[in-house]
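These notes concern the structure reproduced below.
Only the coordinates and a few stated rules stand behind these numbers; no lab work does. Everything quoted here is computed from the prediction, not taken from an experiment. All Cβ positions, glycine included, derive from the backbone under ideal geometry; neighbour counts span all protein chains shown.
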Amino acid sequence: MQTKDFPNAPHDWSVEETEQKAAKMGVQLTDEHWEVVQALQEYFAKNDAINRRELTDALDEKFHLQGGLKYLYRLLPGGPVAQGCALAGIASPAGSVDESFGSVV
């Protein structure tokens, strides 16, 4: 992956750091994971006020053809918002991390 593939990435984000984070999380990054990272970075770049529920709905819609949230939870079992935001270099919206629900980083 090239940084140019991530035009909406936060200025302090890097592919290498993301690969290290993923390894610590036990996630083997695939092209599908990178697509989620790109989608999250794009969503945050285009939206000012981020609401966890709206973000979850947007991800479900964007990845609907692949299976929506079920697909995303297979990729990111720690939660597509919580774990995905951590990999995308973005702070998770309030309420994204819930250890009782399995959304942890």
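A few points about this structure:
- Simple spin-label estimate for LEU65 and GLU16 in nanometres, 7 Å along Cα-Cβ: 3.5
- Going by neighbour counts of Cβ atoms within 10 Å, the residues GLU54, GLU42 line up, fewest first, as GLU54, GLU42.
- Calculated over segment 47-101: convex hull of Cα atoms, volume per residue (Å³): 80
- Long-range Cα-Cα pairs in segment 15-88 (distance over 21 Å), rounded percent: 20
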